[in-house]
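Asker: Quick one: the structure is below, questions incoming.
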Amino acid sequence: MKNVPDPEAWTIRDGALWKTAELASAVLKRKLGEEPTFPVPFALRFGGASEGVYAHGPFQLFEVRAGGDGSYVHNSSVVAAPGRGAVPFMLGFVATQAIGNAARRNHANNQAQLQLQTIDHGTVGVSNYGSYLHTPAAVHAWQWRDVTLAELTGPGQLRIQGQSNRGSVNWILESDWAELIFVFWASVCNPTNQQFVTRTWLPQEWVTRAFIWSKSNSSATSAGFKDLYDGLES
């Protein structure tokens, strides 16, 4: 991995983002084929001899689900209270009933919010043609064109919507290589994507950290941070 800082001063996550920036620069310069690829234990399915895996690391997969449909049972019970205490009793009953209905409504609304449910884990291989989710049970291969929407929702967190052999999916993939998957996908399927064009896929706090590190660490190569960052301007 060229230009990647000493792992003792650099986390695995930092190294993944540095490599992602290198590969993004290669994509923009149409020189991805000059970058090294890595062997993986599964067969590649999409590009024949021209396909290679450029990164391989752990992932967790979550399905985005709604906990409910937002509906609730409205309590409209009527109670008749005869006698002198009827009015205070009825007012108290109505207030209690309203509180109960509000609580049920709020609970239904909360349940209707999107929730994440863990559905798988393993290692993800990122190729120039798609991604491979290698789980304890199987290898799931995804061509870029099968993904209809991809967006980074946080550092190392990618939302994916698309069509699988089981129908449509709405997933959150967490991995140090989430940004690389996004860059490769966007370069093929959505080159005008705002996250891709504005380079906001690269976390600003990491850019600052990488710049400071490259200035203070003697093991930085001659290419250094400036050449890496300038490559993303292509």
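The values are calculated or read from the model by the stated rules, or taken from the named source; none is laboratory data. Since the structure is predicted, the reported quantities are computational estimates derived from the model, not experimental observations. Ideal geometry is used to build each Cβ from the backbone, glycine not excepted, and the neighbour counts take in all protein chains shown. Areas reflect the complete protein model, heavy atoms only, side chains present, ligands, DNA and RNA absent. Shrake-Rupley method; radii C 1.70, N 1.55, O 1.52, S 1.80 Å.
Asker: Out of ALA49, ALA26, I need the residue that is small (Gly, Ala, Ser), in a helix (DSSP H, G or I) and open to solvent by less than 70 Å² (accessible area, probe 1.4 Å). Which one?
Answerer: The match here is ALA26.
Asker: Continuing with this model, one more query. From (1) open to solvent by 20 Å² or more (accessible area, probe 1.4 Å); (2) part of a helix (DSSP H, G or I), pick out the condition that doesn't hold for LEU228.
Answerer: For LEU228, the exception is condition (1).
Asker: Okay, next question. With LEU116, LEU91 as the choices, which residue is modelled with pLDDT of 85 or more, open to solvent by 60 Å² or more (accessible area, probe 1.4 Å) and of a type in the set (A, V, I, L, M)?
Answerer: LEU116
Asker: So VAL78 clears everything in (1) modelled with pLDDT under 55; (2) of a type in the set (A, V, I, L, M); (3) touching a strand residue (DSSP E or B) at 6+ places or on another chain (Cβ under 9 Å) except one condition, right? Which one?
Answerer: Failed condition: (3).
Asker: Go through the range 143-220 and tell me which strands (runs of 3 or more DSSP E), entirely inside it, have 3 or more residues that are open to solvent by 60 Å² or more (accessible area, probe 1.4 Å) and touching a strand residue (DSSP E or B) at 6+ places or on another chain (Cβ under 6 Å).
Answerer: Fully inside the range 143-220 and qualifying: 147-154.
Asker: A further question on this structure: Take the range 155-181 and flag every residue that is in contact with a helix residue (DSSP H, G or I) (Cβ under 7 Å, 6 or more places away or on another chain) and free of Cβ contacts under 8 Å to residues at least 40 places away in the same chain.
Answerer: Across the range 155-181, the qualifying residues are GLN157, LEU158, GLY162, GLN163.
Asker: Among the residues of the range 24-68, how many are under 13 Å from PHE184 (Cβ atoms), of a type in the set (A, V, I, L, M, F, W, C) and touching a strand residue (DSSP E or B) at 6+ places or on another chain (Cβ under 6 Å)?
Answerer: Within the range 24-68, residues that are under 13 Å from PHE184 (Cβ atoms), of a type in the set (A, V, I, L, M, F, W, C) and touching a strand residue (DSSP E or B) at 6+ places or on another chain (Cβ under 6 Å) number 3.
Asker: Under 6 Å by Cβ, and 6 or more places apart or on different chains, what pairs join a residue from the range 132-143 that is touching a residue at least 40 places away in the same chain (Cβ under 8 Å) with one that is in a loop (DSSP other than H, G, I, E, B) and crowded, with 16+ Cβ neighbours inside 10 Å?
Answerer: GLN143/PHE46
Asker: Restricting attention to the range 156-170, and to residues there that are of a type outside the set (Lys, Arg) and within 8 Å of the chain's Cα centre (by Cα), which single residue is farthest from LEU17 (Cα to Cα)?
Answerer: The residue in question is ILE160.
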